[in-house]
Amino acid sequence: MVLVGNVTGKVAILVDDMADTCGTLILAAKHLSEAGAARTVGIVTHGILSGNALQAITESSLEKLVVTNTIPQHQNAASCDKIEVIDIGIVLGEVIRRSHYGESISMLFTEVPF
């Protein structure tokens, strides 16, 4: 893993589509901390969080891991204080509505109509 740039004293944000065992995410957070990042936050769309992922997150240098609720996260959030869940139900509902009525879905990438 190669870090490009200077993170000393900065907030580092790791973005990924999904996190299963969180090995890569935690390794990246470790490298960022060792390079001097003041804080490290992970953001993932699909938090699978299998195996010992919750323990690994708890013991890692990640300040928090933000996940959406595309997969139920109630138990994970209750078991790990570093997990923060974002509800995407409203956005998915709007995508379904727009698809049904033949409206633009790509518009949601730049505007939030509610």
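For this structure, a couple of remarks:
- Summed over region 19-45, the residues that are out of contact with any Gly (no Cβ under 6 Å at 6 or more places or on another chain), within 21 Å of Pro72 (Cα to Cα) and surrounded by 15 or more Cβ atoms within 10 Å (Cβ to Cβ) give a count of 7.
- Breaking point among (1) out of contact with any Phe, Trp or Tyr (no Cβ under 9 Å at 6 or more places or on another chain); (2) open to solvent by 30 Å² or more (accessible area, probe 1.4 Å); (3) touching a residue at least 24 places away in the same chain (Cβ under 8 Å), for Lys64: (3)
- Yes/no for Ile90 being part of a helix (DSSP H, G or I) and crowded, with 18+ Cβ neighbours inside 10 Å: no
- Set side by side, the residues Val95, Val85, Val11, Val2 differ, and just one is touching a strand residue (DSSP E or B) at 6+ places or on another chain (Cβ under 8 Å) and surrounded by fewer than 16 Cβ atoms within 10 Å (Cβ to Cβ), which is Val11.
- For region 1-27, filtering for residues that are touching a Ser or Thr at 6+ places or on another chain (Cβ under 8 Å), assigned to a helix (DSSP H, G or I) and of a type in the set (Gly, Ala, Ser) leaves 0.
- Test for Asn52: is it of a type in the set (S, T, N, Q), closer than 24 Å to Phe114 by Cβ and surrounded by fewer than 17 Cβ atoms within 10 Å (Cβ to Cβ): no
- The one condition in (1) in a helix (DSSP H, G or I); (2) modelled with pLDDT of 95 or more that Met107 fails to fulfil: (2)
The values are calculated or read from the model by the stated rules, or taken from the named source; none is laboratory data. The structure displayed is predicted, hence computed values, not measured ones. Please note: Cβ atoms are built from the backbone with ideal geometry, for glycine as well, and neighbour counts cover all protein chains shown. Heavy atoms of the whole protein, side chains included, go into the accessibility calculation; ligands, DNA and RNA do not. Shrake-Rupley method; radii C 1.70, N 1.55, O 1.52, S 1.80 Å.
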